[in-house]
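Chemist: Sharing a structure, written as structure tokens. Questions coming.
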Amino acid sequence: MFYHDSVMLNEVLDLLCVKRDGIYFDGTLGGGGHSLEIMKRGGRVIATDVDGDAIEYADALFRSEGFLGRYELVRDNFKRFTAIADKRGIEEIDGAVLDLGVSSHQFDEAERGFSYRYDAELDMRMDRRSELTARDVVNEYSPLRLMKILYEYGEESYAKKIVENIVRERAIEPIETTGRLAKIISESVPYRKGGHPAKKTFQALRIEVNDELGGLETAVKDIARRLVRGGRLCVLTFHSLEDKAVKNAMREMAADCICDKSLPVCVCGHKAEIRVIKTEKKATKEETDRNPRSKSASLRVAEKL
């Protein structure tokens, strides 16, 4: 069963201000929670996900709820939003939601290789049609490239030691499983309060395998520009690098000038395209107690001018 507990679901839906028969884009379908609630409030949905399991599960769910004809599911990356909208002749949408990161289903299904809690093949592909896996990254990337990924995507202060041990171990035998990798990392990192020693490294590998940060700022801008006036984009992020990219995109679109601050006068002619409704919102204690994965979530919301 595909299960994903949508974070800050009610807050997101309230901020979307769903209009009856409005068209909404759910760029990260997951378990279908946001799309289902949009349709329950009268909206129509176009949703994307690269995970075939998510598409199959959501289609069955929406049909069982009686929403056939009110949604279209597309197995594609939300970063291709412009092409997806153009193909369907959609010039404007009434709202959009992006719930970034990995779904609960992907974390909890051991065979997907996302989690250090299970011993499984090193995979971490959200889209299983893709060629690059975590196994490829761990065993084939140069030490320098691996360290760069761990530093930049995992913000891992012990990257050098971890990579040294990975390189030593893969020379003996390829590192094939999450269990073996987690053990190598645990032996490389001193005790870490508040999380497993492998947490940052697994995050970094997942981001690399799925190119999660590539094109994110551009996608946020593309989606925001297709909103009707007053339409809203809600974005949920789960680590600082995602959040920074979303914040930068919204800040630039909300500015009347994007010139270099050293210039005495504005020469860019840029005008604000959006206003930021929520700079950052966190899940309530009640929700984090129920769903610990919501602790790292940040919600940012922009409205089209």
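Chemist: Would you point out which residue out of LEU236, LEU227 is under 21 Å from ASP127 (Cα atoms), touching a residue at least 24 places away in the same chain (Cβ under 8 Å), buried (at least 18 other Cβ atoms within 10 Å of the Cβ) and not assigned by TED's automatic domain parsing to the domain that holds GLY113?
Modeler: Just a single option satisfies the conditions, and that option is LEU236.
Chemist: Condition (residue is within 13 Å of THR178 (Cα to Cα), more than 20 Å from the chain's Cα centre (by Cα) and not in a loop (DSSP other than H, G, I, E, B)) applied to the range 112-129: is it met by at least one residue?
Modeler: yes
Chemist: Something else now. If you scan the range 279-305, which residues turn out to be farther than 26 Å from TYR24 by Cα and either among the acidic types (Asp, Glu) or part of a strand (DSSP E or B) (or both)?
Modeler: GLU286, ASP289, listed by residue number.
Chemist: While we're here: Here is a list: GLU208, GLU212. Which entry is under 30 Å from PHE81 (Cα atoms) and part of a loop (DSSP other than H, G, I, E, B)?
Modeler: Residue meeting the stated conditions: GLU212.
Conditions tested, residue by residue: (1) at pLDDT 95 or above; (2) assigned by TED's automatic domain parsing to the domain that holds HIS239.
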site: THR82; (1), (2): yes, yes
site: ALA96; (1), (2): yes, yes
site: SER115; (1), (2): no, no
site: MET126; (1), (2): no, no
site: THR133; (1), (2): yes, no
site: TYR141; (1), (2): yes, no
site: LEU150; (1), (2): yes, no
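Chemist: Still on this structure, I have one more. I'm trying to understand the selection: among the residues of the range 1-50, which are surrounded by fewer than 22 Cβ atoms within 10 Å (Cβ to Cβ), of a type in the set (D, E, K, R), under 21 Å from the mean Cα position of the chain (by Cα) and not in a helix (DSSP H, G or I)?
Modeler: ASP5
Chemist: A follow-up question, please. Being outside any helix (DSSP H, G or I) and under 20 Å from the mean Cα position of the chain (by Cα) is the filter here, so list the residues in the range 238-275 that pass it.
Modeler: Result: PHE238, HIS239.
Chemist: Mind checking which pairs have a first residue in the range 129-141 that is in contact (Cβ under 8 Å) with a residue 60 or more places away in the chain and buried (at least 18 other Cβ atoms within 10 Å of the Cβ) and a second that is assigned to a helix (DSSP H, G or I) and of a type in the set (Val, Ile, Thr), Cβ under 9 Å, 6 or more apart or different chains?
Modeler: Hits for this filter: THR133/VAL209; ALA134/THR178; ALA134/VAL209; VAL137/ILE149; VAL137/VAL209; VAL138/ILE166.
Chemist: Let me ask you something else. Test GLU72 against the stated conditions and say whether it is among the acidic types (Asp, Glu), surrounded by fewer than 23 Cβ atoms within 10 Å (Cβ to Cβ) and assigned to a strand (DSSP E or B).
Modeler: yes
Chemist: I'd like the full set of residues that are surrounded by 16 or more Cβ atoms within 10 Å (Cβ to Cβ), basic (Lys, Arg) and over 18 Å from the mean Cα position of the chain (by Cα), limited to the range 276-291.
Modeler: LYS278 - this is the single residue of the range 276-291 that is surrounded by 16 or more Cβ atoms within 10 Å (Cβ to Cβ), basic (Lys, Arg) and over 18 Å from the mean Cα position of the chain (by Cα).
Chemist: Let me ask another. Against the definition (over 30 Å from ARG80 (Cβ atoms), assigned to a helix (DSSP H, G or I) and free of Cβ contacts under 8 Å to residues at least 24 places away in the same chain), how does LYS161 come out, yes or no?
Modeler: Against the criterion (over 30 Å from ARG80 (Cβ atoms), assigned to a helix (DSSP H, G or I) and free of Cβ contacts under 8 Å to residues at least 24 places away in the same chain), LYS161 does not qualify.
Chemist: If GLY195 meets every condition in (1) assigned to a loop (DSSP other than H, G, I, E, B); (2) more than 26 Å from the chain's Cα centre (by Cα) apart from one, which number is that one?
Modeler: It fails just one condition, (2).
Chemist: Which members of the range 256-288 meet the condition of being of a type in the set (Asp, Glu) and either farther than 30 Å from LEU13 by Cα or in contact (Cβ under 8 Å) with a residue 12 or more places away in the chain (or both)?
Modeler: Correct list: ASP256, ASP260, GLU273, GLU280, GLU287.
The values are calculated or read from the model by the stated rules, or taken from the named source; none is laboratory data. What you see is a predicted model; the values in this text were computed from it and never measured. All Cβ positions, glycine included, derive from the backbone under ideal geometry; neighbour counts span all protein chains shown.
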